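In what follows, a structure is listed as structure tokens, so that the remarks can point back to it.
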Amino acid sequence: MNIKLLRKNSAIPKRATMYSAGFDLVAIIDEKTEIKKGVTTKIPTGIAVEIPIGYVGLIFARSGLGANYGVIPANAVGVIDSDYRGEIFVPLTCHKEESYIVEPMDRIAQLVVVPIFTEELTVVEELDTTERNDGGFNSTGKK
């Protein structure tokens with residue numbers, strides 16, 4: 001996948017381990033940035049990517065930031081379409097009372113690239129039946 005470094009201190013995203021699903025995105029900022037409770041702060045990553053056609057880039061929280069500090073992407077999951085060529089920003093928000101400080105070069109999110117369904121939709125009168133059928137929330141049980 002092609003990547004363009006947009007700033008002098010931009011970092012190439014890396015997987016933390018050989019089997020990591022996502023590439024870690026880092027904060028390309030000049031100074032510490034405070035993420036306050038309930039406020040969305042867009043953090044630049046200093047990169048643009050060329051997502052292959054038939055794929056989408058999904059930006060997810062880093063589990064440690066979310067679980068330990070309540071810091072997650074404000075839009076839950078970011079979507080990078082294959083035709084977007086601009087800089088990737090991560091809109092972070094904090095859900096805990098105390099603010100969180102992002103330092104320059106901190107890992108702030110992860111980029112996962114996955115295939116997408118690109119077929120057209122077909123309107124039909126009936127859908128195939130399944131064992132679940134139209135059973136909704138909690139229809140398969142709690143355990």
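The figures follow:
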{"quantity": "Chymotrypsin sites (Phe, Trp or Tyr not before Pro) within the stretch 28-122, DSSP loop, no more than 16 other Cβ atoms inside 10 Å", "calculated": "Tyr84, Phe117"}
{"quantity": "Area accessible to solvent at Ile51, 1.4 Å probe radius, in Å²", "calculated": "0"}
{"quantity": "Paramagnetic reach from Val77 in the stretch 105-123 [backbone N under 12 Å; point 7 Å along Cα→Cβ]", "calculated": "112-117"}
{"quantity": "Inter-site label distance for Lys142 and Glu126 at 7 Å from Cα along Cβ, in nm", "calculated": "3.6"}
{"quantity": "Candidates per GluC sites (Glu not before Pro) in the stretch 85-143, loop by DSSP, up to 10 other Cβ within 10 Å", "calculated": "Glu97, Glu98, Glu119, Glu120, Glu125, Glu126, Glu131"}
{"quantity": "Residues of the stretch 13-36 with amide N under 13 Å of a point placed 7 Å along Cα→Cβ from Lys96", "calculated": "35-36"}
{"quantity": "The stretch 1-62: GluC sites (Glu not before Pro) falling in loop per DSSP and having at most 14 other Cβ within 10 Å", "calculated": "Glu31"}
{"quantity": "Listed values (i) 15.3; (ii) 17.3; (iii) 16.0, entry calculated as Kirkwood radius over Cα pairs in Å", "calculated": "(ii)"}
{"quantity": "Label point distance in nm, Thr17-Tyr84, each placed 7 Å from Cα along Cα→Cβ", "calculated": "2.9"}
{"quantity": "Only Lys, Arg (+1) and Asp, Glu (-1) charged, at Cβ; the stretch 65-143 dipole about Cα centre in debye", "calculated": "540"}
{"quantity": "Computed [θ] at 222 nm, deg cm²/dmol, the chain (DSSP H ≥ 4; -39,500 (n - 2.57); rounded to nearest 500)", "calculated": "-1000 deg cm²/dmol"}
{"quantity": "With every protein chain in place, the chain: carbon and sulfur % of accessible area (1.4 Å)", "calculated": "52"}
{"quantity": "Spherically averaged projected area of the stretch 1-78 from its Cα convex hull (nm²)", "calculated": "6.3"}
{"quantity": "Area accessible to solvent at Val77, 1.4 Å probe radius, in Å²", "calculated": "60"}
{"quantity": "Whole-number accessible area per residue in Å² for the chain, which is evaluated in the context of all protein chains at 1.4 Å", "calculated": "70"}
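The values are calculated or read from the model by the stated rules, or taken from the named source; none is laboratory data. Worth saying up front: this structure is predicted, and the values here are computed from it rather than measured. Don't worry about glycine lacking a Cβ; one is built from the backbone with ideal geometry, like all the others, and counts go over all protein chains shown. Just so you know, the surface numbers come from the protein's heavy atoms only, side chains and all, with ligands and any DNA or RNA stripped out. Shrake-Rupley method; radii C 1.70, N 1.55, O 1.52, S 1.80 Å.
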